[in-house]
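J.: Take a look at the following structure, please.
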Amino acid sequence: MEINRRLLQFDNNMAEGLPVRSSAWGRKSSEKSEENERPILSFAEIMSQELANSLQEVDLNEQARENAEIERILKQAGIDHVSTSETSDSDTSRDYELALQLSEDPDCSVDEFLAKQMQREFDRELELERQFEKSKANGGVAKAVVGHDPYNYFHEEEEELEESSDDDEDFREMATNMLYDYQKPDFPACGFRKDISGNGIITKHDKEINAAKNCERAMHFPLDVQTGDVIGEKLNNKVFNHLKTHLKLENKRQARLKDKDEKATSEANVDAQTRLILFKWINAQEIDRIDGIIATGKESAVLQACKGLGTSADDHFAIKVYKMTLDNFKNRVAYVKDDFRFKNPRRVMKVWAEKEFLNLKRLHRAEIRCPRPIELKKHVLLMSMIGDEEAAPRLKNIIWREEELKIKAYDQVQEIMSRMFKECKLVHGDLSEFNLLYYHEDVFVIDVAQAVDISHPHSLVFLVRDIENVLNFFHKIDTPNLPTPTKLFNDITDLDMVEGKNLLVQVDTFEVENRNQTHKHDKAKPADAEFQRYEEERRLQNSSPAHDYN
Ligand SMILES: Nc1ncnc2c1ncn2[C@@H]1O[C@H](COP(=O)(O)OP(=O)(O)OP(=O)(O)O)[C@@H](O)[C@H]1O
């Protein structure tokens, strides 16, 4: 009817030459929008729009009827229908089918439908709970999650929680600050104000005000300082200053502990500082890789390193990393007590490594069989490895089958001791089958960190001990034709100790009374003498005195 009426009016207007109304649906011509002014061009267009609308209306009616039917069936089954705004069309039709089955199945055996309903209910409740929690955390501002997939939502929530746990400490500190900022006593910046009781003025130095301010400051201490809640309390200046001093000392102590942790040498002795040195050598192509640990001793760990393919013996290196704790040096008192370099215990490790480096250089210059020193950085010493694929064994671990080999080995050890004394002016001080390596039927001396210059007041006593260790070992493995300790001592030192008397007593007496005149001064001031020789040695190495500080 409406269509016919409008069509009639359209035709009349056209016939009377009146302007055609801008809208076929009877909108007022006073509405001057562009759309309104656009004329409807054809009857067919109007008809098709009408048809589309009527079809849509039919669709909506059918949908409403279907929904009413589902509601009715669910009610019959005693189930409240949950809004399906978030479910897809296919879900709805599947639900519908299931609901139909359910209506025909009064025993409620359509498990899928029931499970789905229960899951939805559970999700909805969980979501509401999370929203509530979140709104509490955001200061009561709840976020609407309409149309939000609950699974995405939970995921976001979990991520947020993770982040927030990282920043937990910061957040708590900020919250505490905000809380106590609010509590600031209201005292003017000019430094004084009128007393409320009307008796003169109160300055900012007032005891009561200071005590309250101290509390406020104490609440600003870092969170790990357990001040407790002192809001509204009073702390006098003395107590507050005590607290502050304690805090400073504690901070310093913590920093020291952290420092110690970083420097402490682990079982494998590869702490952060050592790793850095090793990386530097790798970058400088001194070595290509670290192959493992050769041994861990009392005072160091020795690592095995390699360069290139490692096919020749020259491609293998030993890296001695000194332990950074001083505990292991207790038994080294005799070597270090008169040495100026050990007056500063922090330098001990570095000096010990440096001593080994310089002593190895002396031996190497004299072509005594020992590792070739290559580089020294702080407490880490790079030297050639005695051995090829594997480090050479110590004399102690050799199984001796031929007598000649034992004799040859002994002769080499005697030669090492003699040449160390005569050519290098050194006494090993810890020579034994543990510090002598055996490689291709040759003996090599290692571990010369504690070796002392013959100017050392006890160098001869150390030599006697070395001689006894060596002879004891070769006696143990039944080496024939071994000399007596006195004979060996005289051979090495060119002194004239008497056979049949206790060698150690003679040497001790000699050191006190008959020591070489040129060493008398050294003996009176051993630290100065050591320092002088140390400087000479460094000059020989062309090493700059600034080296220590770079
Ligand atoms: N240049 C090297 N080539 C091969 N092996 C080596 C080398 N230097 C050290 N080693 C091995 O590492 C072990 C420990 O070395 P060293 O004796 O120098 O360390 P240390 O800490 O003084 O040990 P100790 O507990 O014997 O005093 C040695 O017994 C030896 O087996």
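J.: Suppose R0 equals 41 Å; then what is the FRET efficiency for Asn481 and Gln273 from their Cβ-Cβ distance, rounded to the nearest 0.05?
T.: That pair, Asn481 with Gln273, gives E of 0.25.
J.: Please give the contour-minus-distance gain from Gln254 to Glu367: 0.36 nm per residue of separation, less the Cα-Cα distance, rounded to one decimal in nm. Kindly include the intermediate steps, with their values, before the conclusion.
T.: Details: separation 113, 0.36 × 113 = 40.68 nm, distance 4.97 nm.
Length gained, Gln254 through Glu367: 35.7 nm.
J.: For the modelled label position 7 Å from the Cα of Gln285 along Cα-to-Cβ, which residues of region 375-402 have backbone nitrogen atoms closer than 19 Å?
T.: From region 375-402, the list is 375.
J.: Would you mind calculating the gained length between Arg72 and Val505 on full extension (0.36 nm times residue separation, minus the Cα-Cα distance), in nm to one decimal?
T.: 144.2 nm is the gain from fully extending Arg72 to Val505.
J.: Suppose each label sits 7 Å from its Cα in the direction of the beta carbon; what would the Glu233-Arg217 distance come out to in nanometres?
T.: In this crude spin-label approximation the distance works out to 1.7 nm.
J.: Between Asn210 and Glu389, what is the spin-label point distance in nm, taking each point 7 Å from the Cα along the Cα→C-beta axis?
T.: 8.0
J.: Oh, and also: Extending each Cα 7 Å along its Cβ direction at Ala295 and Glu423, get the distance between those two points in nm, one decimal.
T.: 2.4
J.: Can you give me the Kirkwood hydrodynamic radius for region 385-486, using every pair of distinct Cα atoms, in Å to one decimal? Please list the in-between numbers first.
T.: Numbers: mean 1/r = 0.0714 Å⁻¹.
Every distinct Cα pair counted, the radius reaches 14.0 Å.
J.: Can you list which of the chymotrypsin sites (Phe, Trp or Tyr not before Pro) found in region 342-413 are DSSP loop residues with at most 15 other C-beta atoms within 10 Å?
T.: Passing both the DSSP loop test and the Cβ count: Trp400.
J.: Sticking with this structure for a sec: Test of understanding: extend the Cα→C-beta vector of Glu441 to 7 Å, then name every residue of region 392-412 with backbone N under 15 Å from that spot.
T.: 400-412
J.: Taking R0 as 41 Å, what FRET efficiency do you get between Lys408 and Gln532 from their Cβ-Cβ distance, rounded to the nearest 0.05?
T.: Computed FRET efficiency for Lys408 and Gln532: 0.60.
J.: Hey, which of these cross-link pairs are over 32 Å Cα-Cα: Lys298/Lys501; Lys207/Lys248; Lys280/Lys396; Lys134/Lys248?
T.: Going by Cα-Cα distance, Lys298/Lys501; Lys280/Lys396; Lys134/Lys248 fall outside the 32 Å limit.
J.: At q = 0.14 Å⁻¹, what log₁₀ I(q)/I(0) does region 346-389 have when each alpha carbon counts as one equal point scatterer in the Debye sum?
T.: -0.33
None of the figures in this text is laboratory data; all of them are computed from the coordinates on show. All of these numbers come straight from a predicted model, not from anything done at the bench. Neighbour counts run over all protein chains shown; Cβ positions are idealised from the backbone, glycine included.
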